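Participant: Below is one structure. I have some questions about it.
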Amino acid sequence: MRELLDAARRGDEDAFGQLVGPWRGELHAHCYRMLGSDADADDAVQETLVRAWNGLGKYQDRGSIRAWLYKIATNRCLTLLEKRGKRELPTDLNASFEAEWLEPYPSQRLDWTARLSPEARVVALESVELAFVASLQHLSALQRAVLLLRDVLAFAAREVAELLETSVAAVNSALQRARAVLSSLQPSQQEALRELGKSAERDLVRRYMTAWEAGDVDAIVAMLADDAKYSMPPLLQWFSGRAKIRRFLLDGPLREKWRFLPVRANGQLAFGTYLWDHDRFVPGGLDVIVVRGSEIVEVVSFLDADFGSFGLPDEVLR
């Protein structure tokens, strides 16, 4: 560690890469939680590393590189949040206006969690689930940062106060308010999928794909909970309840021919959906699924998702 730091300070970029490399994945996840955008997280991490490189000469080796990087990344995110509004899902909007939408998060981004203990990995995956990240958007930027640093990343209150250059009392107050806002969150998808079991999960995925590809509205609706929701950012329109979702599917999507490919997004079940276009299937949307028991309680179809970042092909031939 000391040798790498000294070499990096002398201008050795490879040494710097080795110094910060172990933290790059988790820094990206942190910036995504803060900003609600995979693309914005990319920019924030890149700027964090540039600032860290330029600031090595001023770095005081009294703590950890990890904490120092989180300080830079968190403050960069706070600056970005000052310049734009919160990101939401259509079901979170209180009025119809042009909004910035929450973006899905590629599970490939979470490969770094494999080195964590089972318990820590569950926490990391829960912290990027759509419902959690969407709820974070209803916190102030400071509350968001404090909650993530304390409850997700397990920094002590004193450390968080130092990172954010505020008092321990302010940190504790922000944390209390943030926890109150998030207290109504439903059980995580990690817990729901664990209770469902791998065999039932595979069966649910198979039945959902088969129903869509067959255009079987009855089979699709039968898999939905009574209070299911269906949304399609960036469209404002969304539907709640089996009857309304059924009518929407018949009037729109099920007039098309579809192919589905299973994938993971935000640590959740997801599908790359493709609709028929003359001689091939082309991307239609990335559907992120929320389950409760063996039922689907929400489908968020991200119509503008970057399929490549999820390892999905640009087209399906048949």
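Participant: Give me Rg/Rg_expected for region 149-267, where Rg uses Cα atoms only and Rg_expected = 2.2 N^0.38 Å with N residues. Before the final figure, lay out each step's value.
Facilitator: Details: Rg = 20.8 Å, N = 119, 2.2 N^0.38 = 13.5 Å.
Ratio of Rg to 2.2 N^0.38 Å for region 149-267: 1.54.
Participant: Using Cα atoms only, what is the angle between the long axis of helix 168-181 and the major principal axis of the chain, expressed in degrees (0 to 90) to the nearest 10?
Facilitator: 0
Participant: Using only the Cα atoms, what convex hull volume per residue in Å³ does region 2-182 have?
Facilitator: Details: hull volume 22.6 nm³, N = 181.
Per-residue hull volume (Cα only) is 125 Å³.
Participant: By how many degrees, 0 to 90 and rounded to 10, does the Cα axis of helix 198-214 deviate from the longest principal axis of the chain?
Facilitator: In the chain, helix 198-214 runs at an angle near 50 degrees to the longest axis.
Participant: Against the longest principal axis of the chain, how steep is helix 13-35, in degrees 0 to 90 to the nearest 10, with axes from Cα atoms?
Facilitator: On a 0 to 90 degree scale, this one is about 50.
Participant: I'd like to know how the chain sits against the 2.2 N^0.38 Å rule of thumb: what's its Cα Rg over that expected value?
Facilitator: Output field value: 1.08.
Participant: Would you mind pulling out the separation of the Cα centroids of region 32-71 and region 234-253, in Å?
Facilitator: Each part's Cα centre sits 42 Å from the other's.
Participant: Ignoring everything except DSSP H segments at least 4 long, calculate the 222 nm mean residue ellipticity for the chain; use -39,500 (n - 2.57) per segment, divide by total residues, nearest 500.
Facilitator: -15000 deg cm²/dmol
Participant: Which residue, Val205, Thr166, Ala124, has the largest displacement toward the positive end of the dipole of the chain when charges sit on each Cβ (Lys, Arg +1; Asp, Glu -1)?
Facilitator: Thr166
Participant: By a straight-distance test (C-alpha under 21 Å), which lysines pair with Lys229 as possible cross-link partners, with residues fewer than eight away in the same chain excluded?
Facilitator: Cross-link targets: Lys244.
Participant: If R0 is 30 Å, what FRET efficiency do you get for Gln186 and Leu5 from their C-beta distance, rounded to 0.05?
Facilitator: Plugging the Cβ-Cβ distance into 1/(1 + (r/R0)^6) gives 0.10.
Participant: Can you list the aspartates and glutamates whose alpha carbon is less than 13 Å from that of Lys257, not counting same-chain residues fewer than 8 positions off?
Facilitator: Glu213, Asp216, Asp277, Asp279
Quick note: the coordinates plus some simple rules give every number you see, no bench work behind them. As the structure is a computational prediction, the values presented were derived from the model and not from experiment. Glycine also receives a Cβ, built like all others from the backbone with ideal geometry; neighbour counts cover every protein chain displayed.
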